[in-house]
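Here's the structure, in structure tokens; my notes come after.
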Amino acid sequence: MSTRQPGLGYAPEFRVQVMQELESKSLSLTEVCLRYQITMHTLLHWRELFREGGSAALVAPPQRGRRPQPKHEEPPLTLEPPSVPLPHTVEEQERAKDELIIQLSLQLQQLQQENALLKKVWRLLPSRSGKDGSIC
């Protein structure tokens, strides 16, 4: 008894007829779904449209695709001067690079020492589960 159009869904007149019958008669949603051979999801969607916009909302062509997302206002980018002055000359750039290399070398040395210490402690633990040094 449904008048589904291939690729387009149901005819607008059919939607209006179903909703008018649902509103005028004391039929349950299930009874209307069975009578018109439509899914509960479809009927609930039509009922929502009908309650919000009347029969005109059911006659309007359905929107396809995703609903447009609201645009989020992003604050404008502000350029602040760097807290540390950037080197301008080649000598200053070389000096900054050398200082960074020294800092990274010291950090690497410290991490290597910590790693070696942890390995020694691990070997000395009597409660290790495996004799081959594996954890599991």
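At 7 Å along Cα-to-Cβ for each site, give me the label-to-label distance between VAL59 and SER105 in nm. It is 8.4 nm. Spatial offset of the stretch 101-120 relative to the stretch 37-62 amounts to 68 Å, using the alpha carbon center of each. Looking at the stretch 4-59, what % of the alpha carbon pairs are farther apart than 16 Å? The share of Cα pairs beyond 16 Å in the stretch 4-59 comes to 35 percent. Evaluating kT/(6 pi eta Rh) at 20 °C and 1.002 mPa s, with the Kirkwood radius of the stretch 88-127 over Cα pairs in the Stokes-Einstein relation, gives 172 µm² s⁻¹. Applying the Karplus relation 6.51 cos²θ - 1.76 cosθ + 1.60 with θ = phi - 60° to the stretch 93-106 yields 3J(HN,Hα) values of 5, 5, 4, 5, 5, 5, 5, 5, 4, 5, 4, 5, 5, 5 Hz, where x marks Gly and Pro. On full extension, the segment bounded by MET40 and LEU125 gains 24.0 nm, given 0.36 nm per residue less the C-alpha separation.
Each reported figure results from applying straightforward, stated rules to the coordinates on display, with no laboratory input. Given the structure is predicted, the values throughout are model-derived calculations rather than measurements. Using ideal geometry, Cβ is built from the backbone for each residue, glycine included, and neighbour counts are taken over all protein chains shown.
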